[in-house]
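**Student:** This structure is in structure tokens; I'll ask about it shortly.
Quick note: the coordinates plus some simple rules give every number you see, no bench work behind them. Being a predicted model, the structure only gives us computed values, none of them experimental. All Cβ positions, glycine included, derive from the backbone under ideal geometry; neighbour counts span all protein chains shown.
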Amino acid sequence: MEEVTLYTDGACSGNPGPGGWGSILMLGENRKEISGGSPNTTNNIMELTAVIEGLKILKRPCKVQVFSDSAYVVNGFVQKWIYGWMKNNWKNSSGEPVKNKELWQELYSLTKIHEVTFNKVKGHSTDEFNNRCDELARMERDKY
């Protein structure tokens, strides 16, 4: 199984407002940048979308190390929030419907295809790939 590194980031102005996402996929020496945006979205939607789009581009099952500065995305799996939400019929610990349920479901289904490990990185720091994803996300956001 090939091992892929996926860096992701999302950006939003207004929350909700115009937003963008950026992802970098790395396999050996190969590197691919992808990005997109929306005129009216939230930061969390863009963070989730960056990971989803990065995983969707893979043509066969891979071992994927995801690096994100989003505690929301990373903790959804590392802290096992998503499993509790599924068990509780997509309700959070307060009994409210989970926000962005469809995106979480899509991301979960992708983790069944790929062997995904989520890693938290410090945002706006010295990580060149996280910084590049932030740049891609902001460029997409600024189109709106």
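**Student:** Identify all residues within region 14-59 that are among the aliphatic types (A, V, I, L, M), more than 19 Å from Asn131 (Cβ to Cβ) and out of contact with any Phe, Trp or Tyr (no Cβ under 8 Å at 6 or more places or on another chain); write none if there are none.
**Tutor:** Leu27, Ile45, Ile52, Leu55, Ile57, Leu58, listed by residue number.
**Student:** Still on this structure, please answer the following. Could you pull out the residue among Lys122, Lys112 that is free of Cβ contacts under 8 Å to residues at least 60 places away in the same chain, of a type in the set (D, E, K, R), in a loop (DSSP other than H, G, I, E, B) and within 26 Å of Ile57 (Cβ to Cβ)?
**Tutor:** From the options Lys122, Lys112, the qualifying one is Lys122.
**Student:** For region 1-87, please list each of the strands (runs of 3 or more DSSP E) lying entirely inside it that holds at least 2 residues being out of contact with any His (no Cβ under 9 Å at 6 or more places or on another chain) and closer than 21 Å to Asp142 by Cα.
**Tutor:** 3-12, 17-27, 30-41
**Student:** I've got another one for you. Consider region 27-57. How many of its residues are surrounded by fewer than 21 Cβ atoms within 10 Å (Cβ to Cβ), in contact with a helix residue (DSSP H, G or I) (Cβ under 8 Å, 6 or more places away or on another chain), of a type outside the set (Val, Ile, Thr) and under 17 Å from Ile113 (Cα atoms)?
**Tutor:** Count: 1.
**Student:** For region 125-144, how many residues meet the condition of being free of Cβ contacts under 8 Å to residues at least 60 places away in the same chain and farther than 15 Å from Ser23 by Cα?
**Tutor:** Total meeting the criteria: 2.
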